[in-house]
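Here's the structure we're looking at; comments come further down.
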Amino acid sequence: MRASIRRIESPSPEGVQHDHYRRILSLLDANEASPELDRLGAEIRQRVQAGDLPASMAADLEIALRLQENFENKRKRERELSALYETARDLSALRNTDQVLQAIVQRARQLVGSDIAYLSAADDERNDFYVRATEGVISQDFARIRVPREIGVCGSVARTRRPFYSSSYSSDEAFAHDPSIDQATRGEGVVSILGIPLEVDSQVIGVLFVGDRYVRSYTPQEMAVLSSLGTFAALAIENARLFEETRRALQTAKDANIALSTQAEEVESAAAAHEQLTELVARGGTLDDLSRRVGKLLNGQAAVLDERLKPISGTFPPGCSEEEIVRAARESDRTGRSVQVRCEDGDIAIIAAAMGGSARLGSLLFKRPRPFSAPEVRTFERSAIVTGIVLLSIERIAQSAHRSATDAISALARGTSDPFAGGALRQQPGASAVTWPLTMMLVDVGELPFMQVAAPARAALTGRDTIFAEFNGDLVVATSSERPLDVAERLSEELQAATQRRLTIVVSEPVAAIGEAPLRFESLRRCVGLVRGLGQQGRIVSESAMAMYATIFAGGPSDAVGAFVRATTGPIIEHDLRKGSQLARTLAAYLDSGRSLSKAAEQLGIHVNTMRQRLDLVGQLSAACLDPVHGLETHLALRLHLMKAGG
């Protein structure tokens, strides 16, 4: 009786497994912090090792942890983009520069999760930096710090014009220290600090800081986001300076000095242009919106180029030398300023690098007949800064979409789960519209690194009905396109242009559901191996034409196909090579037609007597090739030979 009671009270293994699944789903649904999920994970792993739970439970746990991590990363990116858009709106709505800078400092602290944040502005008259806005600062002495240009983190950032951070400020010997500044820093309890340069016209006009009262490091992504915030801060400071200069000029000569009036109009025009650009970013404008807006602002033709200097918005302006534009783009990337060139048709082109943090994401190109004034150059360079912000947002969305595509391709190849169930992929940023049925493609990249083929693949596979990713060293594509061969042709052309070689692409039959995908993927791999064995790399081939042969020779040595063909039909093939005859094609047609002389002769367009003469010669060279007992081997060898020969 007691044993029976124990069996009732002790939960079954299935019940324990269901309880753990319920707890995982509950934590994911409640968006609990990672430590809660980590503790549950440790318990599950321990039970799996003890044999209380199946091994598959560990794999499902890893998927849950990855989902939690992806959600956290996406939520962080959303906060970053939201902060950038809110800052852009502040620049459009707030006329008080100090309010804008205070809002930027607050967002900087929130985005990085730091204890304090502050902004130091340059004082050209005293040749130092002073604290203009703070958030989280306790000490009044810290808020009154003035730092000479050659001292501290300010000095390092101003000298290098690059972000600089220290995880141990007081003992860091990478920069010069000042006793009074070190004392104020210790009073605030700052241990780690990161400084981001605020630049205008290649001049550092301030530094945006975040600091922490413990040892920590700062990621490149955090630096990139702060650099974007720093760009807005620099623009706000520069606008305030320009407005102040204009006010003084008008106050000094308000009785209508023509030169000063012209300058005021230009400054107002630049400010209006800046407001239009920030408004465009705030509402999530596209690159096409941006190029059209710049074209209207400066009365010319604008285009956005990618990192390879290929147009991604607008068109490459006619009359411009590509070599001159490439040279100017490299010069702009090096100097951080726009560069002008005279076009072959007499017009003037100007180009500026579009930066995302410290990386060049593309370039903004503009062309028109008349020269550019200094304010127009500044407006153009600010447009390039906004272009960098838009490109950075697009790049982050693309990275998120690529991670989703990688997971989907891996799930297809392994058959672990349906990546398109419930429209899961459609809910991601840069959502894909791939659905069942689909076509899979396998690209044999050989020894090429995936990074070398990723960019041309991205350029070719732009439709929402297609995704791609690396899997086990190969480029795998999944598409719902009704014309998959057109997709393969487009991909092949882009890859050839980028790598200077044609790569093998095997296109599958339609895949109806996740259960077929792993088998189809393995079939594609076998087909790639057969194409290599035939020495026919660089072709687009159909799985249906290769699968049967690939299955037969799967797992054999690399020369297994050639050895089989030579052993079975060698004398006939050698005769064709020596004499230029077509005995192999004749015999293949004969076997294809069910050994019908008339049908084979009609297929080849020759007389029946000619057909008989050729077959007699075949019999003389190799009687086994006409023997029905060896018909299957002979037919297979001939088809492989003709496939290799392109026939």
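The values are calculated or read from the model by the stated rules, or taken from the named source; none is laboratory data. Keep in mind that this is a model prediction, so the values were computed, not measured. Every residue, glycine as well, gets a Cβ built from its backbone with ideal geometry; the counts of neighbours run over all protein chains shown. The area values use the complete protein model at the heavy-atom level, side chains included, leaving out ligands, DNA and RNA. Shrake-Rupley method; radii C 1.70, N 1.55, O 1.52, S 1.80 Å.
Brief remarks on what is shown
- Heavy-atom accessible surface of region 277-391: percent carbon and sulfur, 1.4 Å: 48 percent
- Spin-label model distance (nm) - residue 493 vs residue 21, 7 Å beyond Cα toward Cβ: 4.8 nm
- Note on region 112-262: with charges restricted to the Cβ of Lys and Arg (+1) and Asp and Glu (-1), its dipole about the Cα centre is near 180 debye.
- Burial order of peptide ranges 349-356, 172-179, 364-371 (average beta-carbon count within 10 Å, highest first): 349-356, 364-371, 172-179
- Take each peptide in 599-612, 202-215, count the other Cβ atoms within 10 Å of every residue, and average; sorted highest first, the result is 202-215, 599-612.
- Paramagnetic reach from residue 59 (point 7 Å along Cα→Cβ, amide N under 17 Å) across region 37-51: 45, 48-49
- Whether region 92-162 is rounded, prolate or oblate, judged on the alpha carbon gyration tensor where a/c under 1.5 counts as rounded: prolate
- Net charge, residue 579 excluded, C-beta distance under 14 Å - Lys, Arg +1, Asp, Glu -1: +1
- Added length on full extension, which subtracts the Cα-Cα distance from 0.36 nm per residue, residue 539 to residue 279: 88.7 nm
- Accessible area (Å², per residue) of region 269-393, counting only protein heavy atoms and a probe of 1.4 Å: 42 Å²
- Largest accessible area first, the residues 321, 598 order themselves as 598, 321 under a 1.4 Å probe with ligands, DNA and RNA left out.
- Computed in the context of the full set of protein chains, the accessible area of region 459-510 at 1.4 Å probe radius has 41% of its extent on carbon or sulfur.
- Distance from the Cα centroid of region 467-546 to that of region 305-373 is 37 Å (rounded to whole angstrom).
- A Förster radius of 30 Å, combined with the Cβ-Cβ distance separating residue 418 from residue 532, puts the computed FRET efficiency at roughly 0.40.
- Theoretical FRET efficiency, 1/(1+(r/R0)^6), r = Cβ-Cβ of residue 203 and residue 486, R0 51 Å, to 0.05: 0.50
- Between residue 596 and residue 513, the distance separating the two model label sites (each 7 Å from Cα on the Cα→Cβ line) works out to 4.0 nm.
- Separation of the residue 214 and residue 502 label points, Cα + 7 Å toward Cβ, nm: 6.0 nm
- The mean accessible area for residues of region 93-244, using a 1.4 Å probe and ignoring ligands and nucleic acids, is 44 Å² per residue.
- Per residue solvent-accessible surface (Å²) - region 464-503, probe of 1.4 Å: 51 Å²
- Nearest-0.05 FRET efficiency for residue 642 and residue 173, computed from C-beta distance (R0 60 Å): 0.25
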